[in-house]
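Where a number appears in this text, it was derived from the coordinates with a stated rule and is not lab data. Everything numeric in this text was worked out from a predicted model, so none of it was measured. FYI the Cβ positions are ideal-geometry reconstructions off the backbone, even for glycines, and counts take in every protein chain you see.
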Amino acid sequence: MTIRRTLVASSIAAIVALTLTACSNDGGDGSDKAAATTSVSATTTQAPQSSTQPPSSETTPPPPVTTTTEPTTTTTAPTTTTVAPTTVTEEAIVVPAVPSDGELQGKLQAALNGSANELESGDPGSITIVRDRIALIPGYTWSVSGGSVSGDVLSANLQSCLGQCFPIPVTWKNIDGTWKLSRESQDTLVSYANLTGDY
C-alpha cells in the first residue's frame, strides 16, 4: 500500500510538472505574438505625415502694380508792365526884382499903416500898434537897408534909432510875385512895440 501510494504521488507530481511546463510555453508564445502584433500596429499607424496630410496651398503674390505718372507742364504767361511816362511840368517861379532900400522902407510903412496886401498874413489888425507906438516916441526914427534875396526870401535890416541905432532883422517872402512882410517879422515888430508900453 505504501509503495502504491508513493507511485500515485509520483505520478501526480509528474503530471503537474508537465502541465506547468506546457502553460509556460503557451504563455511565451502569446507574449511574442502580442509584441509582434503591437509592432505591426505601430508600423501601420505611424505613416509619414506627407501621405496623410493634404498638400498645403501656396499663396500666389498679386502682380506688381505699375503706376504711370504723366509729366505736368506748367506754362506761365509773361507779364508785361507798361509804365506810362510821367511828365513833370515845372511852373516857372516868378521872382520879383529886389527892391531898393527906399522901396523896402515904403513897403514897410504901408504895412504899418494897415495894408493887408503888404503882409503874408493878410491881417493888419496887430501891426498897426507898431505905428501907434512909434508916433508916441519923440526923436525916434527908423529906416530899412541891406536888402538881399535867397530863393523866395528877401532879408534886410530895420535900423531902429533913438540916439543910436539898433538893427532888427526883417524878411519878406515872395507870394505870387510880390514881396510881402513875413509872419515872423510881423510878430517880431509887434512884440517890440508891446515892450515900450505907454511911452
Quiz item: Considering amide H positions built from the backbone, and no H for Pro or chain starts, which residues 5 or more places from residue 119, or on another chain, come under 5 Å of its amide H?
Solution: 181
Practice problem: Calculate, for residue 95 and residue 129, the FRET efficiency according to 1/(1 + (r/R0)^6) with r their C-beta to C-beta distance and R0 30 Å; round to the nearest 0.05. | Solution: 0.40
Quiz item: Based on the mean of other beta carbon atoms within 10 Å per residue, what is the order of 161-172, 185-196, most packed first?
Solution: 185-196, 161-172
Exercise. Tell me which residues come under 5 Å, amide H to amide H, from residue 159 once H is placed; ignore anything under 5 positions away on its chain.
Key: 143, 144, 145, 168
Exercise. Kindly state, as a whole number, the per residue volume in cubic angstrom of the convex hull around the alpha carbon atoms of region 101-196.
Key: 87
